[in-house]
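> Before I ask anything, let me first share the structure, which is written out below as structure tokens.
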Amino acid sequence: MTSANGEGPRVIRTLIADDQEAVRRGVRRILTAQPDIEVVGEAADGLAALGLAAELRPDVALVDIRMPRMDGLELTRRLAGPGVAEPVRVVVLTTFDLDEYVYPALRHGASGFLLKRSGPSLLAEAVRAAADGESLISPSVTVRLLRHVTEPSRPERRSERHPERGRPAPVVPLTEREVEIAGHVAAGGTNADIAAELFISPGTVKTHVASIQRKLGVANRVGIAVHAWEMGWAGAR
């Protein structure tokens, strides 16, 4: 990854928001050991994190779900949600494998979802993926969570738990290729992975992904993945 001015390796400026000092200390230790990641600030509650984000303009914010004064969901919405003029990439941290807050967090613009017990390499990978405009959608974390929250084979429970989640068809229909790429995104594929699988260039994949996001009205690749799981595209590639 190079800097915006092309003069050298880019350093990813990261903000940590968690109400537990021990968690913040551990995350900082992991991230500062990476040559391309710098922790520029820490906050113990959501409101403080919002102020620091406005002041420091980090590239990525690692956000805990449960925090005082402002929880991680509202913080994510304010940092990365629809209509935010200068969004910050948000990776949400959670303690549990299946958290009822997952779906709202993704809807509010989170670029990734990570378990707090994840190892150091996965944490650093999540920060880098978010900074690159990608999402951490791995078999061990996000894809498994998406399977639970979308539950395509149990629509009656899905509507009971999330009645607001009925999905109208996109105003502009997706092409067959876009549906195919959306399925790969839902399976955790990066642009490079999808390009190799479909024998096209990563640049072409990036163009398709941008088109899919625009047509679906979603903020990022996680939004594409959620839609793909709900529509059954993830298993029909």
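> From the set of residues in the range 80-106 that are out of contact with any Gly (no Cβ under 9 Å at 6 or more places or on another chain) and among the aromatic types (Phe, Trp, Tyr), which is modelled with the highest pLDDT?
Selected residue: 103.
> If you don't mind, there's one more thing I want to ask. Just one of (1) in a helix (DSSP H, G or I); (2) touching a Gly at 6+ places or on another chain (Cβ under 8 Å) trips up residue 109, so point out which.
If we test residue 109 against (1) in a helix (DSSP H, G or I); (2) touching a Gly at 6+ places or on another chain (Cβ under 8 Å), just (1) comes out false.
> Quickly run through the range 55-88 and pick out the residues that are within 20 Å of the chain's Cα centre (by Cα), farther than 24 Å from residue 124 by Cβ and open to solvent by 30 Å² or more (accessible area, probe 1.4 Å). Before you say what the answer is, go through the steps one by one.
So the first thing to find is which residues in the range 55-88 are within 20 Å of the chain's Cα centre (by Cα), and the list is 57-67, 70-88.
If we keep only those that are farther than 24 Å from residue 124 by Cβ as well, we get 70-71, 73-74, 77-78, 81-86.
Of everything in the range 55-88, those that are within 20 Å of the chain's Cα centre (by Cα), farther than 24 Å from residue 124 by Cβ and open to solvent by 30 Å² or more (accessible area, probe 1.4 Å) turn out to be 71, 74, 77, 78, 82, 83, 84, 85, 86.
> Hey, another quick one. Out of the range 201-218, which residues are more than 9 Å from residue 191 (Cα to Cα) and assigned to a loop (DSSP other than H, G, I, E, B)?
Residues satisfying the conditions are 217, 218.
> Take the range 18-48 and flag every residue that is assigned to a strand (DSSP E or B) and either out of contact with any strand residue (DSSP E or B) (no Cβ under 9 Å at 6 or more places or on another chain) or closer than 19 Å to residue 121 by Cα (or both).
Matches in the range 18-48: 37, 38, 39.
> So, in the range 107-160, of the ones that are open to solvent by 70 Å² or more (accessible area, probe 1.4 Å), more than 22 Å from residue 219 (Cβ to Cβ) and at pLDDT below 80, which residue ends up farthest from the chain's Cα centre (by Cα)?
156
> Touching a helix residue (DSSP H, G or I) at 6+ places or on another chain (Cβ under 6 Å) and part of a helix (DSSP H, G or I): does that describe residue 114? Give the derivation first.
Values: touching a helix residue (DSSP H, G or I) at 6+ places or on another chain (Cβ under 6 Å): yes; part of a helix (DSSP H, G or I): no.
No; evaluated as a whole, the condition is false for this residue.
> Then there is this: Can you pull out the residues in the range 191-212 that are under 20 Å from the mean Cα position of the chain (by Cα) and hydroxyl-bearing (Ser, Thr, Tyr)?
207, 211
The values are calculated or read from the model by the stated rules, or taken from the named source; none is laboratory data. As the structure is a prediction and not an experimental result, all values here were calculated from the model. Glycine gets a Cβ as well: all are built from the backbone with ideal geometry, and neighbour counts include every protein chain shown. Please note that ligands, DNA and RNA were not included when accessible areas were found on the heavy atoms of the full protein model with its side chains. Shrake-Rupley method; radii C 1.70, N 1.55, O 1.52, S 1.80 Å.
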